[in-house]
Structure formats: structure tokens, C-alpha cells
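The block underneath contains the structure these notes are about, expressed in C-alpha cells.
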């Protein structure tokens with residue numbers, strides 16, 4: 001085998017090994033990859049029941065219902081569509097109707113989102129970037145006076161990391 005052929009075999013072997021490693025990493029992470037949807041996007045894309053995802057929007061006014069013990073039901077809305085959410089556990093202290101929220105869990109066969117994690121905003125200016133972008137797409141997001149007065153082009157409430 002010539003020097004050129006050995007080099008070609010080495011490069012090809014390295015490429016196969018790298019591809020195999022990348023494939024194994026993606027296979028191992030498949031359960032940890034979570035997609036983010038707003039209520040309108042969720043209605044359009046209709047993911048399969050049991051698919052793990054995050055939904056975000058505003059807690060619809062008048063939709064919060066406390067059930068047995070720590071179980072609650074509420075609706076997340078972007079004012080065009082809404083998704084009913086069922087959650088069992090302690091809600092964040094700042095969780096309330098009309099406020100931004102992100103729920104992580106899976107969509108059930110009954111089209112109810114079964115959340116296992118609820119994240120609420122932590123002060124009056126905070127809104128997760130994905131939620132703010134989804135609300136801006138729907139025309140719900142309003143520019144805050146703090147961003148305009150500071151001469152920033154980003155909406156108030158969006159925290160950039």
C-alpha cells in the first residue's frame with residue numbers, strides 16, 4: 001500500500017469513527033431534546049401524543065382551577081389559541097393568571113398538556129425569550145417603556161443571556 005493510500009484509509013476511518021460518535025451522542029440525547037411551542041404553533045404542528053415539549057404563553061384569566069390536593073388545571077394562551085394544562089405539584093410562588101409561564105411535559109391523547117414542570121416569571125420585567133418571541137409573532141407583545149426610554153431595540157422584559 002502506498003503512502004497516499006494509507007493516508008486515505010486513515011482519513012476515511014477517522015471520518016467513520018467521528019460519524020459513529022456523533023450518532024451515538026444524538027441517540028443518547030434524544031429523550032433530553034425538548035421543543036418549544038406557543039399555543040398557536042402547537043395547534044398547527046400537532047405533535048404526537050407523548051412527545052416531550054415545552055409550551056409557553058400567558059395563563060388565561062379565569063382558567064385556574066384547583067383540584068384534589070396539589071392538582072391544578074389552567075389554560076395557556078397567546079390570545080389566538082389556548083392549551084389546557086394539567087399539573088400536579090407545587091406551583092411557583094409568582095404563578096398567577098395573566099402572567100407569563102412555561103410548562104414542560106407531554107401532550108396527552110385527550111389534547112390536555114400534562115406538565116411535570118412549571119416555570120413562572122420572577123419579576124415584572126422578565127419573560128423567557130422564546131415566550132416573548134412567540135407572543136410578538138402573534139401580535140400580543142407590547143413594547144415596554146423601559147426599553148424605549150433606554151434607547152434599546154429589544155422589548156422590555158426579554159432577558160438576553
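The values are calculated or read from the model by the stated rules, or taken from the named source; none is laboratory data. Computed from a prediction, not measured in an experiment: that's the story for all the values here. Every residue, glycine among them, receives a Cβ derived from its backbone with ideal geometry; neighbour counts consider all protein chains shown.
For the range 74-81, state whether one or more residues are in contact (Cβ under 8 Å) with a residue 60 or more places away in the chain and under 17 Å from the mean Cα position of the chain (by Cα). It would help to see each step written out before you state the result.
First, the residues of the range 74-81 that are in contact (Cβ under 8 Å) with a residue 60 or more places away in the chain: 78-79.
Those left that are additionally under 17 Å from the mean Cα position of the chain (by Cα): 78.
Checked against the condition, which is being in contact (Cβ under 8 Å) with a residue 60 or more places away in the chain and under 17 Å from the mean Cα position of the chain (by Cα), the range 74-81 yields at least one hit.
You will find that of 23, 69, 50, the residue that is loosely packed, with under 12 Cβ neighbours inside 10 Å and outside the structural domain of residue 133 (by TED's automatic domain parsing) is 23 and no other.
Go through the range 78-106 and give me each residue that's at pLDDT below 85 and surrounded by 18 or more Cβ atoms within 10 Å (Cβ to Cβ). 78, 95, 100, listed by residue number.
Inspect the range 29-49 for any residue being modelled with pLDDT of 85 or more and in a loop (DSSP other than H, G, I, E, B) and give the result as yes or no. Lay out the reasoning, then the answer.
First pass over the range 29-49, keeping only residues modelled with pLDDT of 85 or more: none.
For the range 29-49, residues modelled with pLDDT of 85 or more and in a loop (DSSP other than H, G, I, E, B): absent.
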